[in-house]
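K.L.:
One structure coming up, written as structure tokens, with questions to follow.
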Amino acid sequence: MKAQTQKMAAPISTPFYYGWMIVLISALGVFFSGPGQTYSISVFIDSYIKEFGWSRSQVSAVYSAATLASGLCMFFVGRFIDRHGQRKMAVFVGVSLALACFWNSIVANTIMLFIGFFLLRLFGQGSMTLIPNTLVPQWFITKRGKALSLMAIGGFSSSAIFPPLNAWLVNKWGWSFSWQVWGIALLIIFVPLAYFLIRNKPEEIGLLPDGQEKPILSKDEGDYTETDLEENWTLKEAMKTKAYWLLLFCVAIPALVNTGLTFHLISIFGIQNISPGVAALVLSLMAVIGFPITLAAGFILDKVKVNYVLAGIFLGEIIFMLVLLYTRNVTVAILFGVLWGISGGFERIALNYVWPSYFGREHLGSIKGTAMTVMVIGSALGPLPFGFAYDLFGGYDEIIYLTMILPALAIVSSLLATKPAKGS
């Protein structure tokens, strides 16, 4: 028999549905994933190279290996979330990420650097994004897209604030002190708020998803510890459906394509006689465009089947890669950035929305943990084929054309990945 949900009081009284407080603390969690994100860590790379005499390729290799290793662990993080709940895991991960920051403030050799990068990627880029993305869907079903869109503000704020703030801290007080600042911030801001404000699901405080008022009785003693508002699948059950495997393929493609293009964008533009400054502008433009698109995507996903939206995202990938191939001036480069930002804005929400929409809330940690593993592996491997192609052909046209096959296959996968039903 399923264990009943332990009833707790709402930590604070709000005039609105408490799930929106969960969205706020989840957005803060995504924001504080920053210390483990590439856009934040990249600011420290030159300091390591200058102080320790390491080569750029050496640091890059350590980073890629640590990222890959952390990705393989995300499956277990997902299982721990299902077993212990998001509240306990948020506190544990917040403390662990703070300790990882302190560790990175004392690195002195490449072994310590690998451990530091591994911990940052595991607890920051991985766990601190997985926990909010499994917590918010517990509180919303019909308004899930809107809630995930609002939560994404934390991610955009993080990517906008961390790089310049890190650069200022490193320039003012050095790289070691900068890591300590983020460790302290996690301990005094995020961890206490996570402990006091997070509740794993609305049933714990006598509520229902989306703030519905009518209780739905379960089979267990007339209590509504779990609602039957949507069908819940275990990981083992999900793995028996074709939709699960088709969606895993769909998750891997954007991670591989986007990381590969981002990593080599300056080089791609250089061959096309476009300056590194324009490449930086395109990356910033992609984020600026992606922010309002992400907000709109949530509302659209609440009304349109998510696999249709995924198919549209992959069609968009093919289009912006075609534009990239024919980018010869700043105007076309900006058009490429706009199209990339639109695709990325939808992608950010749709790939988080699809798992609870298809497989329910109860075992979401385990199911989404496997998706996170595939995503991180895809992002770790993404730059490699572009690098090999450049060495082999002296350019990127061939690999970009070949890469377009992947989103084309993903369009087919998306359309075939219809929502499964038990017993069908």
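K.L.:
Considering only the stretch 159-210, state which residues are outside any helix (DSSP H, G or I) and open to solvent by 40 Å² or more (accessible area, probe 1.4 Å).
P.N.:
If the condition is that a residue be outside any helix (DSSP H, G or I) and open to solvent by 40 Å² or more (accessible area, probe 1.4 Å), then Leu207 is the only one that fits.
K.L.:
Consider Gly85 carefully, then state whether it is at positive phi, part of a helix (DSSP H, G or I) and either without any contact (Cβ under 8 Å) to a residue 60 or more places away in the chain or under 21 Å from the mean Cα position of the chain (by Cα) (or both).
P.N.:
The answer is yes for Gly85.
K.L.:
Name the residues in the stretch 377-424 that are assigned to a loop (DSSP other than H, G, I, E, B) and surrounded by 14 or more Cβ atoms within 10 Å (Cβ to Cβ), would you?
P.N.:
Gly382, Gly395, Tyr396, Met404, Ala417, Thr418, Lys419, Pro420 - these are the residues of the stretch 377-424 that are assigned to a loop (DSSP other than H, G, I, E, B) and surrounded by 14 or more Cβ atoms within 10 Å (Cβ to Cβ).
K.L.:
Which residues, taken from the stretch 38-55, are open to solvent by 30 Å² or more (accessible area, probe 1.4 Å) and either assigned to a helix (DSSP H, G or I) or under 30 Å from Gly145 (Cα atoms) (or both)?
P.N.:
Thr38, Tyr39, Ser42, Val43, Asp46, Ile49, Lys50, Glu51, Phe52
K.L.:
Look through the stretch 282-296, keep the residues that are closer than 18 Å to Ile313 by Cα and among the small types (Gly, Ala, Ser), and return whichever of them is least open to solvent (accessible area, probe 1.4 Å).
P.N.:
For the stretch 282-296, the residue satisfying everything is Gly290.
K.L.:
Hey, another quick one. Considering each of Thr403, Thr373 in turn, give the residue that is out of contact with any strand residue (DSSP E or B) (no Cβ under 7 Å at 6 or more places or on another chain), modelled with pLDDT of 90 or more and more than 25 Å from Lys303 (Cα to Cα).
P.N.:
Thr403
K.L.:
Please tell me if Gln58 is at pLDDT 85 or above and either within 20 Å of Ala147 (Cβ to Cβ) or part of a helix (DSSP H, G or I) (or both).
P.N.:
Against the criterion (at pLDDT 85 or above and either within 20 Å of Ala147 (Cβ to Cβ) or part of a helix (DSSP H, G or I) (or both)), Gln58 does not qualify.
K.L.:
So is Ala350 within 30 Å of Lys236 (Cα to Cα) and open to solvent by less than 10 Å² (accessible area, probe 1.4 Å) or not?
P.N.:
Considered against the rule, which asks whether it is within 30 Å of Lys236 (Cα to Cα) and open to solvent by less than 10 Å² (accessible area, probe 1.4 Å), Ala350 comes out as yes.
The values are calculated or read from the model by the stated rules, or taken from the named source; none is laboratory data. Just so you know, these numbers come straight off a predicted model, no measurement behind them. Every residue, glycine as well, gets a Cβ built from its backbone with ideal geometry; the counts of neighbours run over all protein chains shown. With ligands, DNA and RNA removed, areas are computed over all heavy atoms of the protein, side chains included. Shrake-Rupley method; radii C 1.70, N 1.55, O 1.52, S 1.80 Å.
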